[in-house]
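Here is the structure we will look at, set down as structure tokens.
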Amino acid sequence: MNLRYALLALLADGEAHGYELLKRFNERIGPFWHPNIGQVYQLLHELERRGLAARRDVAVGTRVRRVFRMTARGERALGTWLARRPGWPAPLRDEIIVRLLAAERRGAAAVLGQLERQEVEYRRYVSLVEEEASRGAASVMRQLVHEAALGQAEAHLRWIAHCRTVFATDRVARAS
């Protein structure tokens, strides 16, 4: 759903073919969301069917490239979407929750082991995000996305620390 509006916003910068839009998206957002080219073209064709984008075919050598532009209807749709109340955070479907559910039947030690493994991965992820951010000049949008990714990972690390405390307290209470 949101990728549809991202494509409209990128088309507002000027007409482009799908690969160009994917390139613009990656330049502006960074490596934190990985739409594939199939998704991009599927959504572009949907936008075209709905009258939100228009396509023209451009000959490039022996190939034909499909170039899209946002229509006035697409501009209105993007404005309407921006004016709507923002959505709530995505449902919690993180792998760690399922892992904890599965480990819980094996006891607190198994849960704590999963938490430790997840913490190692989140710390590794934080290092990669910080390394990516230190690579040099990035757009303000890309910097903000980096900060969002970092903040989310740090929130997960705080939650993992909280889980450890809860399970440690529970172990002590059960032992008493």
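Can you tell which of 94, 57, 13 shows the greatest fluctuation in a Gaussian network model of the chain with Cα springs below 10 Å?
The residue with the greatest mean-square fluctuation here is 94.
Taking amide hydrogens as modeled 1.01 Å from N in the peptide plane, which residues meet the under 5 Å criterion relative to residue 17, leaving out close sequence neighbours?
Hits under the 5 Å cutoff: 68.
Computed from the coordinates I sent, Cα extents along the principal axes in Å equals one of (i) 52, 30, 26; (ii) 75, 34, 32; (iii) 47, 45, 23. Tell me the label.
(ii)
Roughly to the nearest percent, how much of the accessible area of the chain is carbon and sulfur, given a 1.4 Å probe?
Roughly 54 percent of what the probe reaches on the chain is carbon or sulfur.
Which helices of the chain meet both criteria: a Cα extent of 30 Å or more along the helical axis and a mean Kyte-Doolittle score no lower than -0.5, with helices taken as whole DSSP H segments?
108-133, 140-175
Roughly how many debye, to the nearest 20, is the charge dipole of the chain about its Cα centre, given +1 on each Lys and Arg Cβ, -1 on each Asp and Glu Cβ, and no other charges? Mind showing how you got there, number by number?
Details: 29 positive and 20 negative charges, 121 e Å.
Around 580 debye, computed over the chain.
Heads up, I need the accessible area for residue 122: 1.4 angstrom probe, whole protein in place, Å², nearest 10.
Approximately 40 Å² of residue 122 is accessible to the 1.4 Å probe.
Considering only protein heavy atoms, with the full assembly of protein chains and a 1.4 angstrom probe, order 60, 126 by accessible area, largest first.
60, 126
If 144, 21 are ordered by their accessible area, calculated over protein heavy atoms with a 1.4 Å probe, which sequence runs from highest to lowest?
These residues rank, largest area first, as 144, 21.
With every protein chain left in place and a probe of 1.4 Å, what is the accessible surface of residue 127, to the nearest 10 Å²?
70
For residue 65, list long-range residues whose amide hydrogen, built 1.01 Å from N in the peptide plane, is under 5 Å from its own amide hydrogen.
When sequence neighbours closer than 5 places are left aside, the close amide H contacts are 58, 59, 60.
Mind checking the per residue accessible area of the chain for me, 1.4 Å probe, whole number of Å²? Mind showing how you got there, number by number?
Working: 12010 Å² over 176 residues.
Roughly 68 Å² per residue, with all protein chains present.
The values are calculated or read from the model by the stated rules, or taken from the named source; none is laboratory data. All figures in this text were calculated on a predicted structure; none of them were measured in a lab. Counting neighbours? That spans all protein chains shown, and the Cβs are built from the backbone with ideal geometry, glycine included. When the accessible area is computed, the model is the full protein with side chains, heavy atoms only, and any ligands, DNA or RNA have been set aside. Shrake-Rupley method; radii C 1.70, N 1.55, O 1.52, S 1.80 Å.
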